[in-house]
Every structure is written in C-alpha cells, then in structure tokens.
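> Take this structure, written in structure tokens, and hold onto it; I'll ask about it next.
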Amino acid sequence: MADLPTGTVTFLFTDIEGSTRLLQALADRWRGVIEDHHRLLRSAVREAGGVDVRTEGDSLFAVFASAPAAVSAVVAAQRALAAHPWPSDGEVRVRMGLHTGEGTLGGDDYVGLDVHRAARISSAAHGRQVLVSSATAELVPGLPEGVSLRDLGRHRLKDLARPERLFQVVAKGLPSEFPPIRSLETPTNLPAPRSTFVGREQETARTRELLRGPGLLTVTGPGGTGKTRLALHVARQVLPEYADGVFFVGLDAIGDPRLVASAIADAVGARAEGRRSVLDTLRDHVRDLEVLLVLDNFEQVLDAATVVADLLDAGPRLRILVTSRAPLHVVGEQELPVPPLGLPPEGDHPSVDDLARSDSVMLFVQRAAAVDAGFRLTEGNASAVAELCRRLDGLPLAIELAASRTKLLSPEAVLARLEHRLDLLTGGPVDLPARQRTLREAIGWSHDLLDETERVLFRRLGVFSGGCTLEGIEEVTADGIGPGAGIIDLLGSLVDKSLVSRLPAADGAVRFSMLATIREFALEQLDAAGERPTFLSRQAAWCAALAEAAEPHLRKVGQRRWLDELEEEHDNLRAALRFAIDTSDADVALRLVAALWRFWHFHGHLAEGRRWAEEAIALPTASGRTPVRARALTALGGLAYWQEDIPAFTSAYEEALAIAEELGDRHAKAHGIYNLAYARAYAGDIATAVSMLAESRAIFEELGDQGGIADVLWFLGVGARLQGDLATSLTLTRESLALHRESGDMFGVTDALFSVGRAAHAMGDLEVAAASFFEALEREEDIGNRTGIGIVLDNLAAQASLRGDHLRAVRLAGASQAIKEAAGGHAPPPLIDLPDARIAARAELGDAATTAAWDEGRAMPLERAIAYAREVP
C-alpha cells in the first residue's frame, strides 16, 4: 500500500447493495464476483492516483489527495462495474460516498469525524449512486465532459449532529434517477400511496423546479385531473429537502375559510394560545422553519387566500404547494395548470407498444389489472382502450372509473356504453370548462350503471363529510333501503365501482369515504331527488346523538376511546353544526355545543369550539329560556374559562344559572352556582366563592350527586389553600380524590391530584406532591390533554425551583408555556397560583443562563418535554 496522504484529503467509501442476498444466491460463485469487484474498484482508484486503504467484505475504503481525482475515480469505477459481465443472477450494484476533510492518521489508518461522515454519506446512497458532500463539491470547480453534480439538498445522517448538504454525481451513460436517499426520516404526515403513480414526468419536473422559486405554487385544473396525486407525488420526492417537514392539509371537508388556519395548525402541530388567534400562533410557528405545506382542494375556501399570504410573509423558508380549481390571486403566486394525461397516437394501425407508451393507456391498463389480475393490453383490445382514453380526454379519474368496469365488461363493451352516455349528456353549465363537463358525464355514466337501490345509497352518502363508519351510514341512510347485510352489500358494490373508498380508521374499524368530486355529484343527485334537506337534517341529528352518547364518558374511564371517536368524526360534526346553524335548527346546534365542549377542550380545539358555541347561542331561534340553552351557555363558559377570558365565562355562567332558577332545575342550579363560584374566586372574593360552594354542595347532597359533591370538595380545598389553611386543603382534596376514584371520574381524579400535589408542595412534602403530579401527567398524556400537561409541568417546575434546581425549573416552565400555546388555552392564573420560575433563576444564575434554559424548554417537542419531566433529578 502506498504512503497515506495527510492534510486535506478526499475519502471514498463503497459497498455492494444487497450483498447478503447476492451471497446466498451465488453460493460458491460469490468468491469470483467479489474478487472481480475488488479488482475493478482498486484499478479505478489507483489509476486516478488514489490509495485503497483497506477492504472489508464487500466494502472498500480509499483516499485521494485531490477531490477531482476522487470524482474521476468513482465515475470510472461505476462505468467499469456497469460494463462488467456479471452473472445473470448476480448483478453487482455498488453505492459510493465521497467527503473531503482532514486526513489525520492514527497508526496505519485514518481517524476523526470526517472518516465517519464519508461512511455515512456512502450508506445513504443506493446501488450505482454516488453521493458527495458539499466540501467535496466545492473543490471540484471543473468536471470531465459528461459529468455533473446534482444538488440533493440538506439531509440528516445517522449519528451526525448537523445536516449535510449532498450532491449526486451524474455521468453520461450511467443511471441518474434513484429513490430518495436513505437519510433520517423527515417529519411528515403525507399519506402512503395506495396505488402507483403513472406518467407525469414533465409535470413532476416542472413542479419541483417551481417549488425552488417564490413561496407559493398553485397547481390548478378541473376536478379529476390528478392535481392531488401530482402534489403528493412531488411532496414525497422532495421530502428530504425540507429539514423541518412536509405536511399535507386536506381541505375537502372544510367549507368555512375561517377554519383553514386551524386545519393547517392541526397538521403542523401549532394551536392558538389563550385568546390569541390560531393564525398569529401559526405565523410564529413557521417563522424559522424549512417546511413544505401541501394544501389540497383549496377552491372551496378561496377567501382564505390571505392566510396563505400571511404565512408566506412570516416564514421566509416556507413553501406552500396548493391544489385548486382556481388560482388564489395573491402576490408572488406561481400557477401550474395540470393538463390531461398524454393521449395515445392516432393513425391507421398503431402498434400495441406505441399505445402502451401513452400515459393515459398506461393508467387504464394498470387500474384494469388491479380489478382483473388477468387483464393485458393486446392486439384485440388495444384499439378500444386507446379510444376510451381519447373519449375521456385523458382525465385520470374518468379513466380509472372506466377501467374499474373491466371487472365485469370488456373494453369494447365499456366503450359502447361510454359512447352512448357521452352522446346523451353533452356538456353541463356553459361556464364550466369542457373537461369538467366530460368528467361530470363520466361520473354520471358510472352512476347510471348502478341499480336503483345503489343509486339511493350513493346519493345519500354525499351528506357525510370526511367519510363515515358503517354504523353511521346505516343510521342515516338506511331508510327505505334495509339494514344490516343489505347496506354492507351495497357499500361493497359502490367500493368495487370506485365510487366509494374503504379506509382504515385509527381504532382498527373501517370508514367509507368519497372523493370530493364524486361527493359533489352525489349531492347534486340528492338535490335532484328533493332529499337533500331531509338527509342533511338526519346527518345532523345523528351527529347530535353521537355527541350526546359520548359526552357522559368524556370524564370517565374509557374517555380516550370516545375522544378519539369524536376526533374521527370531527368533519361530520362540523358539517352538522354548519347545517343546523344555517337552517336555524337551534335545538340540534345547542345540543351539539353542549355535548362537545369537553372534547374541544381536551383536544385543543378551544377557539373553534367557542366560535361554534357563540354562533349557536346567537341564533334568534335559540333565545328561549330552555334547558338546552343553559347547557350550551355552560359549554361556552367552560371554553372561555380555558381561554382565560374571565368576563366571557362569567357572563355565560350567570345566564345559565338564571335559566336553571327560572326552570326550577335543582341539578342545573347546583352546577350553575358551582361554576359561577369560579368567577367570584378569580375576582379575589374567596369568601363569597366558598359561600356559593356551600350552597351548591347542599343541593348536590340533597340530590345524592356524588360527582357534584366531589367537585365542590375539590374547589373548597383549593379555596382553603389560597387562604393559607393547608391542612384543611389537603383533607378536602383527598376526600374529593377518593370520591372521584370511586365513581370513575378520570377528569375529577386528575384535578384532585393537582390539588393534593399543590397542598403537599406548599407543606414541604415534595414526595407526595411529585407522586400526585406524575399520576396526573400519566392520565393527561393518555388522552392528549395539553392544558393538563402544561399544568403538571408548571407544578414540577415549582418543585424544582424549591429544591434549588433552577435550570430544570426554567426548562420545565418554558416547555409548559409552549405546550399551553399549542393547546390554545390554560386555566386562569388564580387557581394555579405559582411563581414564575425565572425570577428565582435570574437571582441565582443570571439573565443569560435563565433565558437560554427557557428557550431550551420552549424548543422541546411535546414527547421530549414529558420525558424530561419524568426524569429523576
């Protein structure tokens, strides 16, 4: 081996992709293959002036004094490997990585981080791919003819703290297209593809190019052109280029532009804080992030275009990819119209091979083979398939619907039926694009192939926003169809005909959903049948019943399952609220608000829930002094309470109590007095609050309501602590805890644990306090209640501060603040009654260390913050 160069050198690592599989397949022949592999690589390295340091198994480590020489060597090596006559079952595919750094020797080998970085770069590549670091790329100003470097962006590599900007060596005659490199996973919620992506090479390349420009790219076109699929395809390709994530936001179930900011916030994990708007929090969230947002189906919320503009102004490294039937018309917007798929060539007798190269024919063949495994493009059916694609204008959705029929019909038979329908239904409204009229006819043709019972179910399914479970479909749509297996069979038929999608739900159940365009068509059919108001009303009533069935369980054992179910149906619940409010159905609107407010609280939808509550209560038809209005006012009060809006929750609670007294409803009165006591406590009038609690308790005892008694005991315990009577506080809150445990009220248990912990903390019993807080943390984490998690962290911060562990205290407090902001609210300060951990920390540590610890806490993801809170000091 030649002398090893030192100073600035370029390291090369290589290995064979899938070597274990090759070894097993080749058996005794493996030795000859690996010897040829080593010979070819060593020859390329040495001819370029490099030194092959060592080989281990199928890997090679080499070093070069010159970066250009290293690039020349890897190109020569890949060409030699590609030209070598490998066994037919033993093709060798070598991945390579180059990095330039400090060549420091330790004995007879190199040591240092640069060697490890080169190895990690190599392991990120695919077989036949060469990756180089930015350090190497900067030292290769001129490349041999036919060789170039392709910028792949920054990537996080295993065991390396900082991301590495990587380039791919592209050489004439060698493969240049590879899957995304094997870097660490980028945060994303992109849905997994359920079918192959066909064609669109030019549109894909153009989309990627435009995403490198100004912040907004809008992919436009009529329904069914494949805008969403193109956007998702590109998003998956560019995933490694966005260090802070790529996030998909489906807007098809959102008709209110005011909900767009909330939908984006849900996707990226940002929520409004207190009375601050979701948009303000979202702007702060994206300010320093390198993120791609994919906003899908924007056409129905175009009034929210200002939200997109605001986010782009706030986040200089933010990119937004929108799919819409119309541009957003904001400054800096780039628009990319999506054309139909390429059509097959016309002529007297195009060959099967010529037809198969058409994107639209490729799509038809792949989708037909998915429903009929034996389907092939043949001389016998090629002409019919080509004509089908032409008649459907290359529109992907129309082609897929037609291809799904090959399960029952030949392409010739499908063409005959399609010919008839297009002649019969020529064009829709003249202000719609021609392709959209063709798509409408394609969906209409598929609809006309249904029998009458299938058509009835199809149009009724249009009332569900975001899909629905089988049980919900049976409840809302089965009237006149038949329950049980009848609905199941009909759904199966609609799924087979690509009009309905079967989707797995989070709990392992099954949901059924429609594409947005097909759902629009279904609703049109519902209008034509004169059934739309009836079934939208039934859907709203079903949602109200679902919410009311869940509501008693939202504080009880098993609350997580019910909360998850409400989250799954959130789009349907929103649609029901919108319909009820728009039709002045005060009963349903108020019932929904009353039943859902704890869900909105626990899952961080406080701002949205409050908006629904205010709209429902403001309805003229909701002005009656009724029990349901009182319950809705109580809900509004609860939402405003967690947003720290004391005047709003005081007013709501006062009216709710007044209605209860007017109606003589003792149970509602007891709760009303209890709720209003919070307002008195926050005003500093603890004595009046305690007096009201005594009155509330007396009524609860009269009614035998143990849950109400437990709540009052908890609040009395808080009052005793605020008045300095810690022994009484601890006794009362422990009694409340026991009653809540007995009744299975998990929310009450958690609240009581907080109070037991606070009293024990104030008495100096940090062990009991910590045990209480950690049990509360476990319960709040289980249901995802960010407000509760924030309260736990505040209390643990106070404990750390008391112990003198100020860095830990400030980090926990900073994490709590960020979590509460994401939750969109927090209990008003008087009941929390905790000092700011930063005050004591500054006195001991100084401003700089305190600020740094606070920022560290705020930067912690939720999971990390919880794990840090659980660490034993």
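> Just order 560-571, 126-137 by mean Cβ neighbour count inside 10 Å, highest at the front, would you? Each step should come with its number before you reach the end.
On the way: 560-571: 19.5, 126-137: 22.5.
Top to bottom by mean Cβ count within 10 Å: 126-137, 560-571.
> Let me ask you something else. Once you sort the root eigenvalues of the Cα gyration tensor of region 503-622 as a ≥ b ≥ c, which label holds: rounded (a/c under 1.5), prolate (a/b larger than b/c) or oblate (the other case)?
Taking the square roots of the gyration eigenvalues as a ≥ b ≥ c, region 503-622 is oblate.
> Okay, moving on. Hey, can you grab everything whose amide H is under 5 Å from the amide H of Gly153? Only 5+ residues off in sequence or another chain; H modelled, so Pro and N-termini drop out.
So Gly153 has HN proximity to Leu166.
> Multiply the residue gap between Ser43 and Glu452 by 0.36 nm, knock off their C-alpha separation, and tell me the result in nm, one decimal place. Could the numbers behind the result be given before it?
Numbers: separation 409, 0.36 × 409 = 147.24 nm, distance 7.41 nm.
Residue separation times 0.36 nm, minus the Cα-Cα distance, leaves 139.8 nm.
> Let me ask something additional. Could you work out how far helix 706-722 tilts from the main Cα principal axis of the chain, as a 0 to 90 degree angle to the nearest 10?
The angle comes out at about 90 degrees.
> Also: Ignoring ligands, DNA and RNA, what accessible area per residue does region 662-748 give at 1.4 Å, in Å²?
41
> Let's test this: bin the Cα-Cα distances of region 99-205 at 10 Å from zero up to the farthest pair and state each bin's percent.
Going out from 0 Å in 10 Å bins, region 99-205 shows 12, 36, 34, 14, 4, 1 percent.
> Right, something else. Could you list the square roots of 5 times each eigenvalue of the Cα gyration tensor of region 147-263, that is, the equivalent ellipsoid semi-axes, sorted largest first and rounded to whole Å?
28, 20, 13
> Diagonalise the Cα gyration tensor of region 297-400 and give the resulting equivalent ellipsoid semi-axes, square root of 5 times each eigenvalue, largest first, whole Å.
Semi-axis lengths for region 297-400 are 40, 14, 12 Å.
> Hey, another quick one. Computed FRET efficiency, Cβ-Cβ of Ala326 and Leu160, R0 51 Å: what is it to the nearest 0.05? If you can, show how the numbers build up before the last one.
Working: r = 45 Å, r/R0 = 0.87.
E(calc), rounded to 0.05, equals 0.70.
> Top to bottom by accessible area (1.4 Å), largest first, where do Lys407, Lys820 land?
Lys407, Lys820
> Can you compute the radius of gyration and Dmax for region 190-337, using only the Cα atoms, both in Å?
14.4, 48
> Can you list residues from other chains, or at least 5 along the same chain, whose modelled amide H is less than 5 Å from the amide H of Thr104?
Excluding prolines and chain starts, which carry no amide H, the hits are Val111.
> Using a 1.4 Å probe, how large is the accessible area of Val557, given in Å² and rounded to the nearest 10?
Rounded to the nearest 10, the figure is 100 Å².
> While we're on this one: What does the accessible area of Trp600 come to, in Å² to the nearest 10, when a probe of 1.4 Å is used?
0
> What are the GluC sites (Glu not before Pro) within region 66-159 that DSSP puts in a loop, where the Cβ has at most 12 other Cβ atoms within 10 Å?
Listed in order of number, the matching sites are Glu145.
> Based on a Kirkwood Rh over C-alpha pairs, give the Stokes-Einstein translational diffusion coefficient of region 629-699 at 4 °C and viscosity 1.567 mPa s in µm²/s.
In µm²/s, the coefficient is 110.
> Could you please tell me the mean projected area of the C-alpha convex hull for region 1-134, averaged over all directions and given in square nanometres to one decimal? Mind showing how you got there, number by number?
Numbers: hull surface 30.5 nm².
For the Cα atoms of region 1-134, the hull's average projected area reads 7.6 nm².
> Based on DSSP H runs of at least 4 residues, each adding -39500 (n - 2.57), what is the mean residue ellipticity at 222 nm of the chain after dividing by all its residues, to the nearest 500 deg cm²/dmol?
On the way: 39 runs with 502 residues, N = 873.
Using -39500 (n - 2.57) per qualifying helix, the result is -18000 deg cm²/dmol.
> For the chain, which whole-number percentage of the solvent-accessible area (1.4 Å probe, protein heavy atoms only) is attributable to carbon and sulfur atoms?
Exposed carbon and sulfur together represent 51 percent of the surface.
> Another one. Hey, what D do you get for region 750-873 in µm²/s if you plug the Kirkwood alpha-carbon radius into Stokes-Einstein at 37 °C and 0.692 mPa s?
The diffusion coefficient I find is 233 µm²/s.
> Calculate the FRET efficiency for Glu346 and Leu834 from the Cβ-Cβ distance with a Förster distance of 56 Å, rounded to the nearest 0.05.
0.15
> Also, I was wondering about something else. Working out 0.36 nm times the residue gap between Glu778 and Arg870, then minus their Cα-Cα distance, what length gain in nm do you get to one decimal?
The Glu778-Arg870 span can extend by a further 32.1 nm.
> Report ³J(HN,Hα) in whole Hz for each residue of region 724-735, in order, from the Karplus equation J = 6.51 cos²θ - 1.76 cosθ + 1.60 where θ = phi - 60°; Gly and Pro get x.
Rounded to whole hertz, the list is x, 8, 6, 5, 5, 4, 5, 5, 5, 6, 5, 5.
> Additional query: How far apart, in nm, are two points set 7 Å out from the Cα along the Cα-to-Cβ line at Glu17 and at Asp89?
Roughly 2.2 nm, to one decimal.
> Follow-up. Applying the Karplus parametrisation 6.51 cos²θ - 1.76 cosθ + 1.60 with θ = phi - 60° to the phi angles of region 356-367, what ³J(HN,Hα) value in whole Hz is obtained for each residue in order, glycine and proline being reported as x?
Those phi angles translate into 5, 7, 6, 4, 5, 5, 4, 5, 4, 5, 5, 6 Hz.
> Given H placed 1.01 Å from N in the peptide plane, which residues other than close sequence neighbours of Arg511 have an amide H under 5 Å from its amide H?
Close amide H contacts, sequence-distant or interchain: Leu503, Ala505.
> Against the 2.2 N^0.38 Å scaling, with N counting residues, where does region 6-69 land? I'd like the Cα-based Rg ratio to two decimal places. Walk me through the numbers before you get to the answer.
Working: Rg = 13.4 Å, N = 64, 2.2 N^0.38 = 10.7 Å.
Region 6-69 yields a ratio of 1.26.
> Near Lys556, which lysines are there with a Cα under 28 Å away, not counting those fewer than 8 places off in the same chain?
Hits, sequence-local ones excluded: Lys669, Lys820.
> Beyond 19 Å, how much of the Cα-Cα pair distribution for region 554-627 remains, as a whole percent?
Working: 912 of 2701 pairs.
Within region 554-627, distances greater than 19 Å cover 34 percent of Cα pairs.
> Is region 143-200 rounded, prolate or oblate when judged by the Cα gyration tensor, a ≥ b ≥ c being the square roots of its eigenvalues, rounded requiring a/c under 1.5 and prolate requiring a/b larger than b/c?
oblate
> At R0 = 41 Å, how high is the FRET efficiency between Ala25 and Ala373 if r is their beta carbon distance? Nearest 0.05 is fine. Numbers along the way, then the final one.
Working: r = 28 Å, r/R0 = 0.68.
After rounding to 0.05, the efficiency reads 0.90.
> What length, rounded to one decimal in nm, is gained on full extension from Val495 through to Asp582, with 0.36 nm per residue of separation minus their alpha-carbon distance? Mind showing how you got there, number by number?
Numbers: separation 87, 0.36 × 87 = 31.32 nm, distance 3.21 nm.
Gain on extension, Val495 to Asp582, equals 28.1 nm.
> Related question: Evaluate the distance, in nm, between pseudo-label points positioned 7 Å from the Cα of Asp151 and of Ala848 along their respective Cα→Cβ axes.
Here the answer is 3.6 nm between the modelled labels.
> Would you mind getting the Kirkwood hydrodynamic radius of the chain from its Cα pairs, rounded to one decimal in Å? Write out the running numbers ahead of the final one.
Working: mean 1/r = 0.0317 Å⁻¹.
So the Kirkwood estimate lands at 31.6 Å.
> Per-residue counts of other Cβ atoms within 10 Å, averaged by peptide: what ranking do you get for 151-157, 516-522, 592-598, highest first?
592-598, 516-522, 151-157
> Rank these residues by their accessible area, most exposed first, probe 1.4 Å: Ser493, Ser43. Provide the component values of the computation, followed by the final result.
On the way: Ser493 20, Ser43 50 Å².
Listed by decreasing accessible area, they come as Ser43, Ser493.
> Using a 1.4 angstrom probe and counting only protein chains, how large is the accessible area of His285 in Å², to 10?
In the full protein context, His285 sits at about 60 Å².
> With θ set to phi - 60° and the Karplus curve 6.51 cos²θ - 1.76 cosθ + 1.60, what are the ³J(HN,Hα) couplings of region 694-700 in order, to the nearest whole Hz, using x for Gly and Pro?
In residue order, the calculated couplings are 5, 5, 4, 4, 4, 5, 4 Hz.
> Hey, another quick one. Assuming a ≥ b ≥ c are the square roots of the Cα gyration tensor eigenvalues, decide whether region 706-751 counts as rounded (a/c under 1.5), prolate (otherwise, with a/b larger than b/c) or oblate.
prolate
The values are calculated or read from the model by the stated rules, or taken from the named source; none is laboratory data. Given the structure is predicted, the values throughout are model-derived calculations rather than measurements. Cβ atoms come from the backbone with ideal geometry, glycine included; neighbour counts cover every protein chain shown. Heavy atoms of the whole protein, side chains included, go into the accessibility calculation; ligands, DNA and RNA do not. Shrake-Rupley method; radii C 1.70, N 1.55, O 1.52, S 1.80 Å.
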